[in-house]
Structure formats: C-alpha cells, structure tokens
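To keep things clear, I will list the structure first and then write my remarks on it.
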Amino acid sequence: MTRAGLAAARSSTAQLAEIVPQVDDGQWELPSACAGWRVIDVVAHLAALASEAVDPPPPDPTLPKNRERYHDLRVDQRRGLGHAEVLDEWRHSTPRQLDLLAAAQEPPGADEPVEVPGLGTYPRHLLANTMAFNVFCHLRNDLLAPDGPLTLSLPEPADDQVAPPSTSCSPASLRCRDPNSPPPSAAPSSST
C-alpha cells in the first residue's frame, strides 16, 4: 500500500494550510508559475480535485479528454467565486479527500482499479501518491518562489514528502506547466 504517499499528502496539505492565511487579497490575484492560472486558481484546482474525490460528478462525455484541459475547465468554473469561497471549498473537501485516501489503503478496495481520465487506470491505493505529488508540486513549484510569486517560506522538503509520490507518479503527466518547458525535478540539481 502507499501509506507513505498518504503521509506525504497530509504533510504537503498541512504546509499549504500554513501558507494560506499569509496570502493577502492582492497576492491571490498574482500569476502563478502555472501558465494562465493565478495563485487562487491553483488552490481552486486543488479544491476541485478534492470536491470531485468526495462527491464524484456523473460521467459527462462532453468534458475534455485531455487532463490539462479538464483541469482548466474546472478552474474556469470557479473564476467567478471570491477568494473566501474557493478557500472554503478547499478547506471543506480536502480533509474528506484525505480520509477517503486513508480508507483506500485497506483491503478490499485498495487494489480496486480506478480510472483517472486522461492518465490511465491505477489501483485505488496509489491515488494518495497522486495527491501527494500534486499538492507538493503546486505548492513548491507554482506558488512559492523562486518559480512562483509568493515569497513565503517553508522548511526544506523532507525525503518522506518527496520520495513516495516521485516513485509512482509521472511528473510529465501531472505537472501544471507550459507543455514546452522541461519537467520539474523532484530533487535540486547542482550546477557546479
């Protein structure tokens, strides 16, 4: 099972929760490092994922098949909401999403196949790694400096935050970057 992935998802989510109250209204409107998304849009994306995990929408064949375009659509649906509404959705749905991911670590459902549209089919327990990767990368790469606009600081990431998601998730398939830019690395590279 991916209990380490669940712990990493909880850790990165807790760090995002530490950052949220430090962001002012003007900073929510800054462009993030995620092309076309403001800082609040990145949180709207995480809120949408959490809400859909907790209360899955019915299948809709008209939705984009490309995962990035699907995420753009869900973010666009939240652009008319105020910052507080987006944050409330994220705060309400994320703990419930983490509870579902914890339950997914146990048999009999742990190995049940789950289709992630546009990305493939995976055992249910691996979804914790996906959340860990998603929150970690959006927080560290798209929101916080040096790539993101927020000059707030967090402790350096620990191995247990990085290792579980990086061993089972594909950065190229989950990253929120310009498709022409190189994928981010999980570990810093040295250029000496």
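The values are calculated or read from the model by the stated rules, or taken from the named source; none is laboratory data. None of the values given here were measured: they were computed from a predicted structure. Cβ coordinates were reconstructed from backbone atoms using ideal geometry, including for glycine residues, and neighbour counts include every protein chain displayed. The area values use the complete protein model at the heavy-atom level, side chains included, leaving out ligands, DNA and RNA. Shrake-Rupley method; radii C 1.70, N 1.55, O 1.52, S 1.80 Å.
Couple of notes before you dig in:
- Multiplying the residue separation of GLU115 and TYR70 by 0.36 nm and subtracting their alpha-carbon distance yields 14.7 nm.
- Kirkwood Rh and Cα Rg combined as Rg/Rh, the stretch 79-132: 1.10
- Heavy-atom accessible surface of the stretch 11-144, averaged per residue, reaches 46 Å², computed with a 1.4 Å probe.
- As a ratio to 2.2 N^0.38 Å, the alpha-carbon radius of gyration for the stretch 117-167 is 1.32.
- The Cα-based radius of gyration of the stretch 1-154, divided by its Kirkwood radius, gives an Rg/Rh of 0.96.
- Estimated dipole of the stretch 1-147 in Debye, rounded to 20 [Cβ of Lys and Arg +1, of Asp and Glu -1, Cα centre]: 280
- Take the Cα radius of gyration of the stretch 1-47 and divide it by 2.2 N^0.38 Å, N being the number of residues; the result is 1.35.
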